[in-house]
Amino acid sequence: MSPHCSFLFFFFIFFLTSVSSRILPEISVTTTSILNVADSIHRTKYTSSFRLNQQEEQTHSPFSLTLHSRASVRGTEHSDYKSLTLARLNRDTARVKSLITRLDLAINNISKADLKPVNTMYTTTEEEDIEAPLISGTTQGSGEYFTRVGIGNPAREVYMVLDTGSDVNWLQCTPCADCYHQTEPIFEPSSSSSYEPLSCDTPQCNALEVSECRNATCLYEVSYGDGSYTVGDFATETLTIGSTLVQNVAVGCGHSNEGLFVGAAGLLGLGGGLLALPSQLNTTSFSYCLVDRDSDSASTVEFGTSLPPDAVVAPLLRNHQLDTFYYLGLTGISVGGELLQIPQSSFEMDESGSGGIIIDSGTAVTRLQTGIYNLLRDSFLKGTSDLEKAAGVAMFDTCYNLSAKTTIEVPTVAFHFPGGKMLALPAKNYMIPVDSVGTFCLAFAPTASSLAIIGNVQQQGTRVTFDLANSLIGFSSNKC
């Protein structure tokens with residue numbers, strides 16, 4: 001071979017190698033995934049008959065509780081799975097609206113004090129491994145996940161919504177001016193020796209977005225942008241997380257509450273703000289693993305845990321306009337082993353705080369900007385041309401009739417992160433049943449907002465670790 005030909009040959013090899021590395025660097029590509037259709041349909045037929053498993057124990061750490069499915073406590077009022085699905089999707093739409101509204105207010109420097117939903121109000125510790133129960137609550141009226149904690153001294157165990165999109169912890173309290181139905185009796189502050197109202201000049205009161213001062217005590221209000229709100233006294237109280245007592249946690253004692261929280265006593269905020277539980281626990285990390293929404297099994301939320309060595313790690317980013325949300329350093333999405341032609345800038349925040357993609361425990365279905373969603377959907381459709389199509393359902397426009405199938409093979413959907421890291425989703429995390437007769441839909445949805453959201457359907461069965469100290473998020477599959 002002549003020197004000139006040798007040069008061209010090696011240049012060609014180098015060119016191909018560099019191009020390939022830019023497409024899918026350092027990745028063992030999985031092009032297809034198997035969906036167990038029969039098992040998914042089977043699960044849809046038993047969501048209304050969950051029962052508590054009193055024998056189930058979790059032994060992840062010395063600080064643990066027996067875990068119960070939230071669905072097994074209250075069941076579902078829906079007569080069939082299709083109506084349950086539509087109710088979930090309606091709640092999810094309201095949830096996404098609330099997140100987008102909150103971000104828009106922050107970016108435009110509009111104070112929530114101008115947006116009160118009601119006109120009148122009613123007449124930490126050293127860091128250590130702490131673990132509490134995490135249970136699926138999608139059938140309970142909130143579309144969220146729930147955790148079991150003790151409130152007060154003596155401790156009263158209650159179910160609380162777990163929410164990475166909120167900062168303020170609160171629960172319903174007597175006397176009730178306006179309270180929704182919850183599973184357990186409403187908390188009575190007078191029955192707890194550790195309940196202590198906060199004065200108006202305390203750092204906790206000053207950290208509230210909306211507050212008032214009455215009789216020298218702090219009153220709080222939190223509104224969620226979808227019509228949900230809670231109003232009441234701001235106080236400190238003792239929480240029991242697992243077997244660990246955490247004193248002087250700032251919590252709202254809500255006397256007027258309304259919205260999508262039916263079934264739970266209140267909400268635990270796992271956001272990035274000063275009043276959120278991770279900050280009040282002074283912890284540098286926490287993790288959760290979200291159980292299957294149609295399962296009566298359970299998992300845990302853990303504080304003070306380190307990133308698992310096998311975790312797929314991505315950058316954890318923050319928005320200078322709003323410290324609540326956890327933004328993810330996403331670089332791309334692939335379908336069937338091929339990266340979609342999406343500029344990396346499409347996933348990034350701009351200087352104003354617009355754009356970017358957050359990971360959220362309270363949103364069910366992942367939202368992508370319309371253009372990105374269309375690319376994902378079209379690529380998925382090409383890889384499923386052999387499957388019988390079905391009519392769309394609510395926000396889902398890509399659905400299939402799988403009633404005659406037992407298992408199917410579908411293109412793998414994967415998220416890509418800096419450094420060639422990739423998280424391939426199980427097929428059941430993006431092809432979900434919407435009824436009990438075999439209709440399945442692609443569980444992504446478009447949004448006109450600049451904010452994209454990775455929802456809990458896509459997170460199911462994966463332990464998500466928030467390493468706050470090192471600004472990293474880790475994903476560990478099958479670690480519930």
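The values are calculated or read from the model by the stated rules, or taken from the named source; none is laboratory data. Fair warning: this is a prediction, and the values are worked out from it, not measured in the lab. For neighbour counting, all protein chains shown are included, and Cβ atoms are generated from backbone atoms with ideal geometry for every residue, glycine included. For accessibility, only protein heavy atoms count, side chains too; no ligands or nucleic acids. Shrake-Rupley method; radii C 1.70, N 1.55, O 1.52, S 1.80 Å.
Using 0.36 nm per residue, how much length does the chain from Ser297 to Asn478 gain when fully extended, once their Cα-Cα distance is taken away?
Additional length available on full extension: 63.8 nm.
Under the rule of at least 5 residues apart or a separate chain, name every residue whose amide H is placed under 5 Å from the amide H of Gly232.
Tyr220, His255
Amide H neighbours of Gly269 under 5 Å, at least 5 residues apart or on other chains, H built in the peptide plane: list them.
Asn169, Trp170, Leu277
As a test of the definition: which semi-axes, in Å, follow for the stretch 178-246 when you take the square root of five times each eigenvalue of its alpha carbon gyration tensor? Largest first, please.
Gyration-tensor ellipsoid for the stretch 178-246: 21, 19, 13 Å.
So how far, in whole Å, is the C-alpha centre of the stretch 207-256 from the one of the stretch 427-480?
Centre-to-centre distance over Cα atoms comes out at 30 Å.
Along each of the three principal axes of the Cα atoms of the stretch 237-350, give the extent in whole Å, ordering the values from largest to smallest.
50, 36, 32
Just reorder Tyr46, Tyr229 by solvent-accessible area, largest first, 1.4 Å probe, all chains present. Let's see the in-between values first.
Values: Tyr46 110, Tyr229 20 Å².
Descending accessible area places them as Tyr46, Tyr229.
Would you please put 381-392, 286-297, 309-320 in order of how densely packed they are, using the mean number of other Cβ atoms within 10 angstrom per residue and starting with the highest?
Working: 381-392: 13.5, 286-297: 22.1, 309-320: 17.0.
The densest-packed peptide leads the list: 286-297, 309-320, 381-392.
Over the Cα atoms of the stretch 336-419, compute the convex hull volume and normalise it per residue, giving Å³. Write out the running numbers ahead of the final one.
Details: hull volume 12.8 nm³, N = 84.
Hull volume over Cα atoms, normalised by residue count, gives 153 Å³.
Could you give each residue of the stretch 417-429 its phi-based ³J(HN,Hα) in whole Hz, using Karplus coefficients 6.51, -1.76, 1.60 with θ = phi - 60°, and x for Gly or Pro?
10, x, x, x, 7, 9, 10, 8, 7, x, 4, 5, 8
Would you please report the Å³ per residue occupied by the convex hull of the alpha carbon atoms in the stretch 374-480? Display every interim value, and only then the final one.
On the way: hull volume 14.8 nm³, N = 107.
Per residue, the Cα convex hull of the stretch 374-480 comes to 139 Å³.
Cα atoms only: what Rg and Dmax, in Å, come out for the stretch 427-480?
Spelled out, the Cα radius of gyration and Dmax of the stretch 427-480 are 14.5, 47 Å.
Taking the Cα atoms of the stretch 265-410 alone, what are Rg (to one decimal) and Dmax (as a whole number) in Å?
Cα only, the stretch 265-410: 18.7, 53 Å (Rg, Dmax).
Sorted by packing (mean other beta-carbon atoms within 10 Å per residue), highest first, where do 348-357, 158-167, 240-249 land?
Descending mean neighbour count gives 158-167, 240-249, 348-357.
Could you go through the stretch 455-468 in sequence order and give the Karplus-derived ³J(HN,Hα) for each residue, using 6.51 cos²θ - 1.76 cosθ + 1.60 with θ = phi - 60°, rounded to whole Hz, and x for Gly and Pro?
x, 6, 4, 6, 8, 4, x, 10, 7, 9, 10, 9, 8, 5
Give me the three principal axis extents of the stretch 362-406 from the C-alpha atoms, as integers in angstrom, largest value leading.
32, 24, 18 Å, listed from the longest principal axis down.
For the stretch 144-277, restrict the atom set to alpha-carbon positions and state the Rg and Dmax in Å.
Using the Cα atoms of the stretch 144-277, the pair Rg, Dmax is 13.3, 36 Å.
Tell me, what is a quarter of the convex hull surface for the C-alpha atoms of the stretch 285-362, in nm² with one decimal? Please list the in-between numbers first.
Numbers: hull surface 30.1 nm².
Result: 7.5 nm².
Determine, from the Cβ-Cβ distance of His78 and Lys389 and an R0 of 35 Å, the FRET efficiency 1/(1 + (r/R0)^6), rounded to the nearest 0.05.
Working: r = 26 Å, r/R0 = 0.74.
In this case the efficiency is close to 0.85.
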